[in-house]
Amino acid sequence: MSNKKEWIVDKLKRLVKLSTATEPDIPDDTYLFTPHCVDAYDLLNEVEKNYDHMTNSDIVKIMSEANKIWKIRKKIWNGEWDDLPEAQLIAEVEEFIIKGQKINSIKHYRNNSEQVFGKQYSLKESKDACDKIQEDLIRRGKLQ
């Protein structure tokens, strides 16, 4: 086992631990285990079983996916976010905005608003929400 593999496995085990610690006490009607928890276990399993056959691109993809889950779960752990679907949507919109894809962020927010909020947001409502998320990214120093 290489040191790099051990390092990645250790990080993914921390992600699994955080994901399980932030699972809801009472599952909702949709999931017994949240998708983040399942994905964290999948990422760990993938590295443990297939590391020797993975390309650098494969490893980077796993690390990037783990970072997305970590960011959301850490905010839940810290009490910043209570609602997982909303937290997931905000994180996805933040990614679009950071990549300079503001139009895609608005489309994504609007396309997912009914599922997350139970209401189909208008284009203006979605733009306003994404503007607030962008302002928050600037305030936190994540975006200039």
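With a 1.4 Å probe and every protein chain left in place, work out the accessible area per residue of the chain in Å², rounded to a whole number.
67 Å²
Measure nothing but the geometry: give the 0 to 90° angle between the long axis through the Cα atoms of 123-139 and the longest principal axis through the Cα atoms of the chain, rounded to 10°.
So the helix axis and the longest Cα principal axis differ by about 60 degrees.
So how tilted is helix 3-21 from the main axis of the chain? Cα-based, degrees 0 to 90, rounded to 10.
50 degrees
With charges only on Cβ, +1 for K and R and -1 for D and E, what is the dipole size of the chain about its Cα centre, in debye, rounded to 20?
Using Cβ point charges on Lys, Arg, Asp and Glu, the chain gives about 660 debye.
Among Phe33, Val116, Gly79, flag the residue with its Cα farthest along the positive direction of the charge dipole of the chain, charges on Cβ as +1 for Lys/Arg and -1 for Asp/Glu.
Gly79
From Cα pairs below 8 angstrom and at least 6 apart in sequence, can you work out the relative contact order of the chain, rounded to a whole percent?
Relative CO of the chain lands at 18 percent.
Assuming R0 = 25 Å, can you tell me the calculated FRET efficiency for the pair Asp28 and Lys102, based on Cβ-Cβ distance, to the nearest 0.05?
Computed FRET efficiency for Asp28 and Lys102: 0.20.
So what's the back-of-envelope 222 nm ellipticity for the chain, counting only DSSP H runs of four-plus at -39500 (n - 2.57) apiece and dividing by all residues, rounded to 500?
Here the helix-only value at 222 nm equals -24500 deg cm²/dmol.
Arrange the peptides 66-77, 121-132 so that the one whose residues have, on average, the most other Cβ atoms within 10 Å appears first.
66-77, 121-132
For the chain, give the percent of accessible area contributed by carbon and sulfur heavy atoms, probe 1.4 Å, rounded to a whole number.
Working: 4820 of 9600 Å².
With neighbouring chains kept in place, the figure for the chain is 50 percent.
Expressed as an acute angle from 0 to 90° and rounded to the nearest 10, what is the orientation of the C-alpha long axis of helix 84-98 relative to the principal long axis of the chain?
The helix 84-98 is inclined about 90 degrees to the chain.
Here are some values of Rg/Rh (Cα atoms, Kirkwood Rh): (i) 0.93; (ii) 0.98; (iii) 1.01. Which one was computed from this structure?
Only one listed value fits the structure, namely (iii).
For the pairs Lys4/Lys75; Lys75/Lys119; Lys75/Lys127; Lys17/Lys75, note any where the Cα-Cα span goes beyond 21 Å. Spell out each step's value before the answer.
On the way: Lys4/Lys75 27 Å; Lys75/Lys119 24 Å; Lys75/Lys127 24 Å; Lys17/Lys75 15 Å.
Table pairs above 21 Å Cα-Cα are Lys4/Lys75; Lys75/Lys119; Lys75/Lys127.
The values are calculated or read from the model by the stated rules, or taken from the named source; none is laboratory data. Quantities reported herein were computed from a predicted structural model and do not represent experimental measurements. Reconstructed Cβ throughout: ideal geometry from the backbone, glycine too, with neighbour counts over all protein chains shown. These accessible areas exclude ligands, DNA and RNA; they are computed on the full protein's heavy atoms, side chains included. Shrake-Rupley method; radii C 1.70, N 1.55, O 1.52, S 1.80 Å.
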